[in-house]
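Trainee: Pasting a structure here, questions to come.
What follows is calculated from the coordinates using simple rules that are stated; it is not laboratory data. All values reported here derive from a predicted model rather than from experimental measurement. A quick note on method: Cβ atoms are made from the backbone with ideal geometry, for glycine too, and the neighbour counts reach across all protein chains shown.
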Amino acid sequence: MDIIKLIFVLYSLLFFASSNAAVFDMGEHSGIIRDSNGNFSQVSANGSVRSLTSNTALSIAEKVNFQTSKGVFSTDIVRTALVDTARIGKTVRGLAVAGGPIGLTVTAVSLVCELTSICNDAGQWMLGADPALEGYPQTLESQAFYFVAGINSPEYRWPSPSIACSQAAAVAKFWGDGFTGTGSGTGATACVVTNTNNNTTNNTSITQGVGCPTSYVISGSTCVLQGQSTAQPATPSDWDSKEALLNDSRFTPELHAKDQPIPVQTPSLPSPVTVPIGNTTKTLKDGSGNVTGTESEITEAKIEQPSQGENPTGNPNILKLTETTINNTYNTNNQLTSSTTTTNTGPQQPQPQSFEIEIDNMVDQPLEQQAVPGTFSYTSWGSGSCPADRSVNYHYGTLTLTFEPACDLAVMANPVVIAIAGLAALFIVSGAVRND
């Protein structure tokens, strides 16, 4: 009986929660998901169609079912959601690593290269060299640097005379724009600097200093370059360090085209959607049966974004439903004589009554006991008694029949018969177990 009451209570609570609430959950129809961190993402789902309104916003068209006083209705709604650019890099990184450069459009590959220096090289992601370090050797056996024209500040310490000459001319521009330099040898050497008009300046001395050049650190007796002087395959740690740089809204069309999850902020319904759910007309008559006019009843359901109080958790799939009923009365000339409007946001969810459901609260009761008389008795191996001899009278006298030989045989066969019966019972039990 308690189980029946429990089922009735649960059914009643579920019925009131689904039919009388002023808000409803359309999660089963939506493409919006929420992760464990409270972030929202828009993914494909049955009945959901996405379209881009811009690189920073999505338009989500969905068909939803909603319960009203007139029954269940369905309608199309369009919600908007801003793309959460601060979280888009993780999705882009996953797509790029999984499919490689050939898995992205040329535009997306170019954007990845622009933002991270991880570029496509013959179908492979390569982390490009630092332009300022191109041509620099990875290690220097000697702890020495070179500088030009007596300038020994840290930013003008280079790993070789030729690099010192060319960098001083093309990058540091010691001699102005348009000059290039070449140098060779070690220690103090000539540096020839020529401008675009092939006018050569005075030879400039290159001097060797003690210690590691700029962008190198000492490791034992070796100077080791910090950074890349040549392009190398991108490693997972490279992608980790560059992931934040991929937080760019320009990737949104790429993710949309590839049907990838697009992180979005909380979606919203920009304007209410009104759906007609009922329209009835009845004829009015007086007490004599004469027609006095007509009365029409029009009912509409309005779906809109709930307030924070109506949706305190911020669930993006919760929408507010309001029913409005308009009753109009017309006379026989079809002139409006009265009109009333009733708005119903759904009855307040009733507070459940105070039910106490007790489980396993029965008081232990002593069981009645009754002694069963020993109706049956048995004896073990051959301890029974043999029937008495039998005397039979016939024409010639009395014949005495003894059962002793048969009893002796039964006593000897008794253990064998019991053993065979035990084996047969064992086979029967094991067969039943295998069938189960």
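Trainee: Stretch A86-A406 to full length: gain in nm at 0.36 nm per residue minus the Cα-Cα span?
Mentor: Once the chain is fully extended between A86 and A406, it gains 105.1 nm.
Trainee: Then there's this: In Å, what is the Rg of the alpha-carbon atoms in the stretch 390-435, and how long is Dmax?
Mentor: Taking only Cα atoms of the stretch 390-435, I get Rg and Dmax of 20.5, 64 Å.
Trainee: Which distance in nm do the two modelled labels at Q138 and L423 give, with both placed 7 Å along the Cα-to-Cβ direction?
Mentor: About 8.0 nm separates the two model spin labels.
Trainee: In the structure displayed, which of K282/K302; K63/K258; K90/K302 lie more than 30 Å apart, Cα to Cα?
Mentor: Listed pairs above 30 Å: K90/K302.
Trainee: For a Förster distance of 60 Å, can you work out the FRET efficiency between the beta-carbons of S307 and T194, rounded to the nearest 0.05?
Mentor: 0.20
Trainee: With each label point set 7 Å from Cα along the Cα-Cβ vector, what nm distance links R250 and H395?
Mentor: 13.4
Trainee: Per residue of the stretch 235-245, what does 6.51 cos²θ - 1.76 cosθ + 1.60 with θ = phi - 60° give for ³J(HN,Hα)? Whole Hz please, x for Gly and Pro, Karplus curve as stated.
Mentor: Once θ is set to phi - 60°, the couplings for the stretch 235-245 become 9, x, 5, 5, 5, 4, 6, 9, 4, 4, 6 Hz.
Trainee: Provide the gained length on full extension for the span N65 to D259, in nm with one decimal, where the gain is 0.36 nm per separating residue minus the Cα-Cα distance.
Mentor: Here the segment from N65 to D259 would lengthen by 67.3 nm.
Trainee: Estimate the FRET efficiency between V291 and S338 by the formula 1/(1 + (r/R0)^6), using the beta-carbon distance for r and 25 Å for R0, to the nearest 0.05.
Mentor: Calculated transfer efficiency: 0.90.
Trainee: What is the list of residues in the stretch 144-168 whose amide nitrogen lies under 12 Å from a point 7 angstrom out from the Cα of Q208, following Cα to Cβ?
Mentor: Inside the label zone: 144-147, 160-161.
Trainee: Would you mind getting me the FRET efficiency between D130 and T274? Use the beta-carbon distance for r and R0 = 60 Å, nearest 0.05.
Mentor: Calculated value: 0.50.
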